[in-house]
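Heads up, the thing below is written out as structure tokens.
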Amino acid sequence: MPHSERTPVHTGGCQCGAVRFALYAPPENVHLCHCRMCQKAVGGPFVALAPVRRADFAWTRGTPATFASSSLARRDFCRDCGTPLSFYYTDSEHVCPTIGSFDRPQEVAPVRLFGIESRMPWVDGASALPGEATEAVMPEARKKSIVNYQHPDHETAGWSPHRPAQG
Ligand SMILES: [Zn+2]
Ligand SMILES: [Zn+2]
């Protein structure tokens with residue numbers, strides 16, 4: 001069945017909205033990878049990935065750029081805003097979109113860890129650190145003046161990604 005006739009189980013995309021994707025089946029073996037390559041690829045302590053069969057995945061807006069992080073691995077990202085969008089092995093039936101780029105990432109919980117040899121020694125304690133909501137640390141005047149250019153967490157028609165003026 002063509003993707004256009006299927007109902008997505010999940011949708012997502014990059015921060016600027018130039019690239020969007022859909023999953024037509026629930027992801028399996030959702031995991032966090034702490035390996036050094038994934039740390040670099042997302043600029044963070046680990047990546048969160050939601051494997052799905054390629055046949056159940058489609059880019060629905062735009063085309064991502066691709067970096068070959070090894071002879072076997074590819075990593076897709078938005079060439080405009082840099083959002084890491086997926087990881088896959090070239091010889092695998094699966095593609096692994098990044099959970100943070102999903103529209104409803106809270107519904108995609110990991111069941112396994114990979115790459116634990118490179119896990120940051122401070123990761124386990126991080127959730128116990130003192131915390132504040134974003135709202136709490138931004139002054140009222142600044143909150144009023146801010147303009148959000150991030151694509152919303154749902155499908156949009158006729159979305160134009162914001163581009164800063166050159167100069
Ligand atoms: Zn983008
Ligand atoms: Zn990894």
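Principal axes first, then extents: for the Cα atoms of the stretch 23-133, list largest minus smallest coordinate on each axis, whole Å, largest first.
That works out to 41, 30, 29 Å along the principal axes.
Give me the net charge for the shell around I116: Cβ to Cβ below 13 angstrom, other residues only, Lys and Arg +1, Asp and Glu -1.
That works out to +1.
Count charges around W159 for me, please; just the other residues with Cβ under 11 Å from its Cβ, Lys/Arg as +1, Asp/Glu as -1.
With Lys, Arg at +1 and Asp, Glu at -1, the net is +1.
Run lengths n ≥ 4 of DSSP H only: what is the helix-derived mean residue ellipticity at 222 nm for the chain, with -39500 (n - 2.57) per run over all residues, to the nearest 500? Mind dumping the intermediate values first?
Details: 4 runs with 21 residues, N = 167.
About -2500 deg cm²/dmol.
In vacuum, with every alpha carbon of the stretch 1-70 counted as one equal point scatterer, what does the Debye formula give for log10 I(q)/I(0) at q = 0.13, 0.14, 0.22 Å⁻¹? Two decimals, please.
Rounded to two decimals, the profile gives -0.45, -0.52, -1.13.
Percent of accessible area on the chain owned by carbon and sulfur, 1.4 Å probe?
Accessible surface attributable to carbon and sulfur in the chain totals 55 percent.
So, for the stretch 62-167, what is the accessible surface per residue at a probe of 1.4 Å, expressed in square angstrom?
Per-residue value: 72 Å².
In percent, what relative contact order does the stretch 1-53 have, based on Cα pairs under 8 Å that are 6 or more apart in sequence?
Relative contact order, the stretch 1-53: 29 percent.
Tell me, rounded to the nearest percent, the portion of alpha carbon pairs in the stretch 55-94 spaced more than 14 Å apart. Write out the running numbers ahead of the final one.
Values: 382 of 780 pairs.
That fraction is 49 percent.
The values are calculated or read from the model by the stated rules, or taken from the named source; none is laboratory data. All of these numbers come straight from a predicted model, not from anything done at the bench. Backbone-built Cβ (ideal geometry, glycine too); neighbour counts: all protein chains shown. Just the protein is used for accessible areas: all its heavy atoms, side chains included, with ligands, DNA and RNA removed. Shrake-Rupley method; radii C 1.70, N 1.55, O 1.52, S 1.80 Å.
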